[in-house]
Amino acid sequence: MSSRGYVGGIFNMTGCRPGDGFQYDGPTMQTMVFYTVSFETTHDAIDRLIMPPPLKTDRSRRAEVRVSYFVNRNNRAFDGQITPYQGFLFTAATSVNAVRGVAGWEYVDGLRGDKTEMDIMGAWSVYYGMLKKMADIRFLPLRGNEFEITVYRRGTRLVTMRLRLGNELSSDEVAAMNQADGCGFRTYTVREIPDSHYSGFVDRAIYWSGSEQSRIERAWAAEQGSIQFGHLDADPWDEMPVLGVTGATVFEMTVPKEVFHHLRLAEQLPMTASSEAVPVKA
């Protein structure tokens, strides 16, 4: 793919035009590293700050949020070229047509702070249907096994997360984690492509991707997790109460390209805000 060189127009960001994407062997994301903390909050806060409309939190489940700092240094995306980045992801439980899953969005940053390495994130956000907002993300070792992750936008610290790395989990424990995530686990996204008048849509639908082919390869216990939030008017995280940390873990995961180029339709949404949704079989 790299021999094709410059690709003009908006597809310069993706490196290839439709019809030429994902034409490579192997996974899209090889050995991502995640540092995660889960905490309890309120369903109302999840609906307001995490769920992409029209999705709502699943109120039959605990009001729990998982926050994940991750490094994706081997991301190959659309054209197969390495476009490394790091991110800070928020997810919570939702359901569509009574089928459970999760949804959310993330802050993104270039490795070493070089955002020019990840122009692709804007196009990826629209294509996949998951909001990706640029931020300054910093990873700081406090001690040999204790880390602090911070997220800044416009000079304001919005997130401070800490956790301590514990012992590596056994192969049986890792297999159990894969089994738990692989049984009916779905990530829901909302693709909304506006029309040329910006008064309606040319595509508006809820899609889902499965994690059954993603594999956790190694994992570690983590403890003493904590999370604190700051405030911007466009990012009012201090309005999300942290009622208690419920868990923490660290793991490595590989994600195949099928997770992205085999998106499946869950529900067709109205092309105008006043219309009714048209459900389809999940």
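The values are calculated or read from the model by the stated rules, or taken from the named source; none is laboratory data. Since this is a predicted model, take the numbers as computed values, not measurements. Please note: Cβ atoms are built from the backbone with ideal geometry, for glycine as well, and neighbour counts cover all protein chains shown.
Structure above, values below:
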| quantity | calculated |
| --- | --- |
| Subset of segment 8-33 [in a loop (DSSP other than H, G, I, E, B) and surrounded by fewer than 12 Cβ atoms within 10 Å (Cβ to Cβ)] | Gly8, Pro18, Gly19, Asp25, Gly26 |
| Residues of segment 77-88 satisfying the condition of being over 15 Å from the mean Cα position of the chain (by Cα) and buried (at least 19 other Cβ atoms within 10 Å of the Cβ) | Phe78, Asp79, Gly80, Thr83 |
| Matching option when the condition is over 24 Å from Asn74 (Cα atoms), among the hydrophobic types (A, V, I, L, M, F, W, C) and part of a strand (DSSP E or B), among Ile216, Ile227 | Ile227 |
| Restricting segment 107-137 to residues that are among the acidic types (Asp, Glu) and surrounded by 15 or more Cβ atoms within 10 Å (Cβ to Cβ), the residue that is nearest to Arg157 (Cα to Cα) | Asp136 |
| Filter result for the condition that a residue is surrounded by fewer than 16 Cβ atoms within 10 Å (Cβ to Cβ) and either of a type in the set (S, T, N, Q) or in contact with a Pro (Cβ under 8 Å, 6 or more places away or on another chain) (or both), over Ser170, Ser209 | Ser170 |
| Residue satisfying all of: in segment 34-54; in contact (Cβ under 8 Å) with a residue 12 or more places away in the chain and surrounded by fewer than 17 Cβ atoms within 10 Å (Cβ to Cβ); nearest to Phe70 (Cα to Cα) among these | Glu40 |
| Single match in Thr14, Thr91, Thr31, Thr57 (criterion: within 21 Å of the chain's Cα centre (by Cα), more than 25 Å from Ala205 (Cα to Cα) and of a type in the set (Ser, Thr, Tyr)) | Thr31 |
| Considering residues of segment 94-125 that are under 13 Å from the mean Cα position of the chain (by Cα) and β-branched (Val, Ile, Thr) only, the residue nearest to Gln23 (Cα to Cα) | Val108 |
| Criterion violated by Pro241 - all others in (1) of a type outside the set (A, V, I, L, M); (2) at pLDDT 90 or above; (3) closer than 30 Å to Thr31 by Cβ satisfied | (3) |
| Strands (runs of 3 or more DSSP E) fully within segment 128-199 counting 2 or more residues that are within 25 Å of Pro236 (Cβ to Cβ), modelled with pLDDT under 95 and of a type in the set (Ser, Thr, Tyr) | none |
| Every residue from segment 55-76 that is of a type in the set (D, E, K, R), touching a Pro at 6+ places or on another chain (Cβ under 8 Å) and surrounded by fewer than 18 Cβ atoms within 10 Å (Cβ to Cβ) | Arg73 |
| Residues of segment 136-187 classified as in contact (Cβ under 8 Å) with a residue 24 or more places away in the chain and either among the basic types (Lys, Arg) or within 27 Å of Gly110 (Cβ to Cβ) (or both), total | 21 |
